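Each remark here refers to the structure printed beneath this line.
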Amino acid sequence: MTASSSAGWPRTTSPPSSPEQYLRDLALLRRVRDRIDREYARPLNVEALARGVTMSAGHLSRQFRRAYGESPYSYLMTRRIERAMALLRRGDLSVTEVCFAVGCSSLGTFSSRFTELVGVPPSVYRRESAREAEGIPPCVAKRVTRPVRNREASASWAQ
């Protein structure tokens, strides 16, 4: 069950039933991704996202991973952590306040995920980033400090 590499699909998955269906699915997946980008601070789950585009949660998860290389939940948490990094760089909010401001309901989960993606706990990041980002425009700081997943780092080194 391999797909043509020219279609852009991973080798272990089947291509969509038709080019038209592929484009329809991709448009729906973009709507999901845009919703996550817009509403990252709200309570979101895969079931609610799937209902919004009339897909099952399982189908949405599989298709999203095929298109973007990660699950909808992972994408959501990455967006939340990126926003948390910006709020922590400002330095005027506590880690707990930042956790809830970005839509996380568990400080433990937030701290674990933050540490996994960024490499240091949020409290350490807050303390160190305030000094490092002094004088850097926020748009530049956001780009330079964006969390990099392991597979992104290895992909960029391979090129």
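The values are calculated or read from the model by the stated rules, or taken from the named source; none is laboratory data. If you're wondering where the values come from, they're calculated on a predicted model, not measured in any experiment. In this analysis, Cβ positions are derived from the backbone assuming ideal geometry, glycine residues included, and neighbour counts consider all displayed protein chains.
Per-structure values
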| quantity | calculated |
| --- | --- |
| Odd one out for Ser6, checked against (1) modelled with pLDDT of 90 or more; (2) of a type in the set (Gly, Ala, Ser); (3) part of a helix (DSSP H, G or I) | (1) |
| Helices (runs of 4 or more DSSP H) lying entirely in the stretch 44-90 (those with 1 or more residues that are acidic (Asp, Glu)) | 46-52, 72-90 |
| Verdict on Glu134 being of a type in the set (D, E, K, R), at pLDDT below 95 and not assigned by TED's automatic domain parsing to the domain that holds Arg83 | no |
| Of all residues in the stretch 31-64 being under 13 Å from the mean Cα position of the chain (by Cα) and under 17 Å from Gln21 (Cα atoms), the one that is surrounded by the fewest Cβ atoms within 10 Å (Cβ to Cβ) | Val32 |
| Test: Ser111 is surrounded by 15 or more Cβ atoms within 10 Å (Cβ to Cβ), free of Cβ contacts under 8 Å to residues at least 60 places away in the same chain and closer than 30 Å to Tyr22 by Cβ | no |
| Verdict on Phe100 being aromatic (Phe, Trp, Tyr), assigned to a helix (DSSP H, G or I) and in the same structural domain as Ser129 (by TED's automatic domain parsing) | yes |
| Within the stretch 25-51, tally of residues that are small (Gly, Ala, Ser) and either assigned by TED's automatic domain parsing to the domain that holds Phe110 or in contact with a Leu (Cβ under 9 Å, 6 or more places away or on another chain) (or both) | 1 |
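So that you can scan it fast, the table gives a plain yes or no per residue for (1) at pLDDT below 95; (2) surrounded by 14 or more Cβ atoms within 10 Å (Cβ to Cβ); (3) touching a His at 6+ places or on another chain (Cβ under 7 Å):
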| residue | (1), (2), (3) |
| --- | --- |
| Ser74 | yes, yes, no |
| Arg80 | no, yes, no |
| Arg83 | no, yes, no |
| Ala86 | yes, yes, no |
| Arg89 | yes, yes, no |
| Leu93 | yes, yes, no |
| Glu97 | no, no, no |
| Val102 | no, yes, no |
| Leu107 | no, yes, no |
